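Coordinate-derived values only; no laboratory data. Note that the coordinates shown come from a computational prediction; the quantities given were computed from them, not determined experimentally. Reconstructed Cβ throughout: ideal geometry from the backbone, glycine too, with neighbour counts over all protein chains shown.
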Amino acid sequence: MADTFLSIQNVRKDFGATTVVNDFNLDVERGEFVSFLGPSGCGKTTMLRMVAGFEEPSAGRIMIGGVDVTNLKPNKRDIGMVFQAYALFPNLTVAQNIAFGLRVAGVSRAEQEARVKEMLSIIKLPDFGSRYPYQLSGGQQQRVALARALAPSPKLLLLDEPLSALDAKVRISLRDEIRAIQKRLGITTIFVTHDQEEALSMSDRIVVMYGGKAEQTGTPFEIYNRPATRFVASFVGTLNLLEGRVASSDRGAVEVDGQTIELGRPIEAEAGKPITLALRPEAVSLGETNGREQGLSGTIGDVHFLGSVIRVKVGVGRNAVMLDTFNDPASPPPVAGTPARIGFSPRDVLVLAD
Amino acid sequence: MKSSRFWAWATFTVGALYFFVPLIATLEFSLRMRRGEYSFDAYRVVFGDDRFQATFTYSVVVAILTILLGVLVVVPTAYWIRLRMPHLRPVVEFITLLPLIIPAIVIVFGYIRMYGSSSPLPFLATARGTDALLIIGYATLALPYMYRAVDTGLRTIDVRTLTEAAQILGAGWTTIISRVILPNVLIAVLSGAFLSFAIVIGEFTMASLLNRPAFGPYLQNIGANRAYEPAALAVLAFAITWACMSVIQILSRFAPKSANQPR
């Protein structure tokens with residue numbers, strides 16, 4: 001990485017006897033948008049708070065722009081942050097809120113006004129300067145919070161689940177808006193979320209966290225299509241799991257429910273060992289292998305008619321494989337209890353490490 | 001349904017009578033200084049008395065200084081307890097309740113022993129020093145009310161997130177307390193201030209034993225020697241208290257609405 005801007009090195013955080021973040025390493029490039037994705041309690045917020053300076057790492061160090069900031073106070077770090085709970089100052093108007101950081105920094109009044117005006121136009125609330133936070137909707141408040149964080153031109157922007165308090169529609173539009181503003185200003189950003197859709201749609205890279213550790217770091221495409229661990233595979237997207245037994249390591253043959261499928265590539269596990277294979281629903285099709293190279297026989301289970309799409313569950317022994325087919329007016333949907341075949345390409349089969 | 005309403009009104013009436021009859025009686029009595037007709041003579045006498053003006057002014061100044069001292073001590077303390085040491089809250093609450101349990105006379109005797117003219121901290125050696133000691137003593141007496149008022153005010157805002165938001169924007173502690181915390185608990189602080197004011201204006205024990213020319217000892221003096229003027233003073237004291245309450249009510253209309261919680 002030629003242009004590493006934020007570098008988190010071997011960071012650990014203990015609260016008493018519990019380790020919340022363990023051996024965390026990450027290099028973020030200038031202008032990059034990186035998400036910390038994981039379930040609650042995985043340490044993502046604690047990691048973000050350590051970057052902000054609200055928590056002190058028990059070990060390791062954090063560098064911003066080549067400067068070690070590990071022991072620097074939050075108000076000296078030159079960071080912008082947006083909180084889940086908006087945290088606008090209720091006694092100040094929108095304009096005063098946005099100008100807060102500039103005022104603290106001793107920027108001249110004229111400059112403050114110009115910057116506030118600019119920020120208000122960026123967040124598309126040009127006429128809201130004189131309102132108070134309680135007169136705004138949740139989405140508007142969060143946009144003001146973003147403007148307030150960005151007004152002093154910080155080196156780094158931290159977003160701590162900024163969308164989770166908002167309703168679904170606002171969440172999606174604000175998501176696009178945040179990303180657009182971030183790209184336009186080119187500001188290095190860390191975004192904490194437990195929502196995989198947010199992480200996948202917004203990020204340049206995602207760090208999937210679990211139990212205080214970074215399970216996998218990669219682009220949304222890599223994370224979704226080539227999950228490195230079982231946790232990543234199950235947390236990001238929907239996944240069909242097939243429990244099987246290795247028949248041959250070299251050929252990559254696996255026995256599932258008495259049927260053998262061949263992956264056409266070697267498997268690390270020895271023959272006779274149990275193994276878990278995973279398939280995304282969109283990688284499976286219904287019907288006689290349907291031009292795909294591999295297939296399994298099973299029984300149709302639940303059928304959900306969703307309009308344009310029909311979601312079908314096919315039982316293969318103890319495994320249930322979910323798949324979506326498009327609604328074809330010419331042919332009726334499959335009937336539960338009837339035998340069926342599913343087809344997929346060996347390329348799409350994920351072999352999960354536990 | 002009807003009977004419960006009857007009892008509600010009955011209770012209300014009894015309560016109102018209990019409260020208003022003595023007040024009206026006092027008011028009526030204060031107007032009867034001139035034989036055979038109502039007049040404001042008693043009030044005229046009171047307002048014309050130099051000692052009234054002097055002691056009242058003295059007590060108002062002392063009350064304002066007490067409030068300032070109370071705010072300076074209580075706001076940062078309550079804030080810090082909420083932010084960083086919530087486990088200490090029961091202890092601090094207990095300490096702030098002590099002035100209710102320990103009589104003022106005990107405190108003032110303690111002061112006289114501790115800060116006499118031959119002690120290492122001779123507050124009592126000068127009149128100004130004694131004034132300072134009186135203010136400190138009043139701030140102590142007002143502590144239970146002030147602390148509770150401020151603590152309740154802090155409960156209505158998200159202290160931690162607002163603090164962090166200000167911090168990350170570069171603010172230091174002075175800026176955070178003066179520009180973020182204090183304005184948002186101002187109404188609470190004002191109601192605490194009003195209670196402090198009410199306590200200080202009528203306080204007798206400390207002022208009398210420290211021999212300061214305050215309003216309380218003056219009231220006592222008048223009460224012991226005159227007939228109509230004490231009633232007039234009592235009515236005035238009520239009027240001042242109610243004026244303070246109205247001011248608080250009006251101010252609370254302008255209170256910042258707390259909108260920092262997600263809805």
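What does the charge add up to near A:Ser308, with Lys and Arg as +1, Asp and Glu as -1, over the other residues with Cβ less than 12 Å from its Cβ? It works out to a net charge of -1.
Of the residues A:Val28, A:Val284, A:Val335, the one that moves most in a GNM of chain A with alpha-carbon contacts below 10 Å is A:Val335. Shielding of peptide A:153-162 by partners, expressed as the average count of other chain Cβ atoms within 10 Å per residue Cβ, is 1.
On average, how many beta carbons from a partner chain sit within 10 Å of the beta carbon of a residue in A:102-108?
3
Springs between Cα atoms under 10 Å define the GNM used for chain B, and in it the highest mean-square fluctuation of B:Leu233, B:Leu27, B:Leu121 occurs at B:Leu121.
In order along region A:234-249, the phi-based Karplus estimate (6.51 cos²θ - 1.76 cosθ + 1.60, θ = phi - 60°) of 3J(HN,Hα) comes to 7, 7, 9, x, 8, 9, 9, 9, 10, 8, x, 9, 5, 8, 8, 5 Hz; Gly and Pro are listed as x. Report the relative contact order of chain A, percent, no decimals, based on alpha-carbon pairs under 8 angstrom and at least 6 residues apart. The normalised contact order for chain A reaches 15 percent.
Taking the DSSP beta bridges in the protein assembly as shown as the whole, what percent of them are antiparallel, to the nearest 5? Don't jump to the answer; show the numbers that get you there.
Values: 56 of 74 bridges.
Roughly 75 percent of the beta bridges in the protein assembly as shown run antiparallel, per DSSP.
Of the complete DSSP H runs in chain B, those spanning 30 angstrom or more by Cα along the long axis with a mean Kyte-Doolittle score not below -0.5 are B:2-30, B:50-83, B:127-155, B:229-253. Shape summary of region B:103-157, radius of gyration then Dmax from alpha carbon positions: 14.8, 48 Å.
Other chains near B:159-166: what is the mean number of their Cβ atoms within 10 Å of each residue's Cβ? Walk me through the numbers on the way to the answer.
Numbers: counts 0, 4, 7, 7, 3, 9, 14, 7.
Going residue by residue through B:159-166 and averaging, the value is 6.
Each peptide among B:158-171, A:299-312 gets the average number of other Cβ atoms lying within 10 Å of its residues, and from highest to lowest they stand as B:158-171, A:299-312. Based on the Kirkwood approach, the hydrodynamic radius assigned to region A:235-348 is 14.6 Å, with every pair of different Cα atoms included. Bridgeable aspartates and glutamates around A:Lys313 (alpha carbons under 18 Å apart, same-chain partners fewer than 8 residues away excluded): A:Glu243, A:Asp257, A:Glu282, A:Glu288, A:Asp302, A:Asp324, A:Asp328.
Annotation: aspartates and glutamates with alpha-carbon distance below 13 angstrom to A:Lys183 (same-chain offsets under eight excluded): A:Glu32, A:Asp204. At q = 0.20 Å⁻¹, what is the log10 ratio I(q)/I(0) for region A:1-157, with the Debye formula run over Cα points and no solvent? Evaluating at q = 0.20 Å⁻¹ gives log10 I(q)/I(0) of -1.21. Within straight-line reach of A:Lys124, meaning a Cα separation under 17 Å, sit the following aspartates and glutamates at least 8 residues removed in sequence or on another chain: A:Glu113, A:Asp176, A:Glu177.
Summing +1 for each Lys or Arg and -1 for each Asp or Glu, what net charge is found among the other residues whose Cβ lies under 9 Å from the Cβ of A:Glu177? Numbers along the way, then the final one.
Working: positive: A:Lys124, A:Arg143, A:Arg175, A:Arg179; negative: A:Asp176.
Net local charge, A:Glu177 excluded: +3.
For chain A, the membrane-span-like helix rule (DSSP H, alpha carbon extent of at least 24 Å along the helix axis, mean Kyte-Doolittle at least -0.5) picks out A:168-185; this says nothing about an actual membrane. Between B:Tyr38 and B:Phe12, how high is the FRET efficiency from 1/(1 + (r/R0)^6) when r is the Cβ-Cβ distance and R₀ = 41 Å? Nearest 0.05. Computed FRET efficiency for B:Tyr38 and B:Phe12 comes out at 0.90. Where both bridge residues fall in region A:4-235, DSSP classifies roughly 55% of the beta bridges as antiparallel.
For the peptides A:110-117, A:41-48, B:175-182, what is the packing order when you average, over each peptide's residues, the other Cβ atoms within 10 Å and list the highest mean first?
Highest to lowest by the protection proxy: A:41-48, B:175-182, A:110-117.
Cross-link pairs exceeding 30 Å in C-alpha to C-alpha distance, out of A:Lys13/A:Lys169; A:Lys73/A:Lys213; A:Lys73/A:Lys169; A:Lys76/A:Lys169, comprise A:Lys13/A:Lys169; A:Lys73/A:Lys169; A:Lys76/A:Lys169.
Within the shell defined by Cβ-Cβ distances under 14 Å, the residues around B:Leu210 carry a net charge of +1, with Lys and Arg each +1 and Asp and Glu each -1. Globularity index of region B:74-253 is 1.23 (Cα radius of gyration / 2.2 N^0.38 Å, N = number of residues).
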